[in-house]
């Protein structure tokens, strides 16, 4: 959304947000949306969980477990590995 707006039409918060996203974004929005969709379909995640994973893009099982631990549901290692494969295929 911010990419389509002209910087002179943005307020201060929008400019700061655009600057932050431009500097720290790891992947483009289309790739992120595709990854979220695959995580929901193939890994039994809800949208909020999938977005959290895509925002961080963990690279190891340990890192991924750190996020899923707080979800209070059991996620098998094979499902975690499936998640990592989806993330690796699209980055």
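The numbers here are math on the coordinates, done by the rules we state, and not lab data. Since the model is a prediction, treat every value here as computed from it, not as a measurement. Here the Cβ is made from the backbone with ideal geometry for all residues, glycine too, and neighbour counts use every protein chain on show.
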- request: Kindly indicate the residue of the range 41-67 that is assigned to a loop (DSSP other than H, G, I, E, B) and over 13 Å from the mean Cα position of the chain (by Cα) and also surrounded by the fewest Cβ atoms within 10 Å (Cβ to Cβ) among those meeting that condition.
  value: 60
message: Please go through (1) touching a helix residue (DSSP H, G or I) at 6+ places or on another chain (Cβ under 9 Å); (2) surrounded by 11 or more Cβ atoms within 10 Å (Cβ to Cβ); (3) assigned to a helix (DSSP H, G or I) for residue 26 and return the number of the only condition it doesn't satisfy.
response: (3)
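Taking the range 68-90 as the search range and keeping residues that are in contact with a helix residue (DSSP H, G or I) (Cβ under 8 Å, 6 or more places away or on another chain) and not in a helix (DSSP H, G or I), which one is surrounded by the most Cβ atoms within 10 Å (Cβ to Cβ)? I'd like the intermediate steps shown before the answer.
Of all residues in the range 68-90, those in contact with a helix residue (DSSP H, G or I) (Cβ under 8 Å, 6 or more places away or on another chain) come to 68, 71, 75, 77, 79-84, 86-87, 90.
The next check asks that each one be not in a helix (DSSP H, G or I); those that pass are 75, 90.
Numbers: 75: 19, 90: 14.
Only one residue fits best here, namely 75.
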task: Run residue 8 past the list (1) surrounded by 10 or more Cβ atoms within 10 Å (Cβ to Cβ); (2) assigned to a helix (DSSP H, G or I) and report the number of the one that doesn't hold.
output: (1)
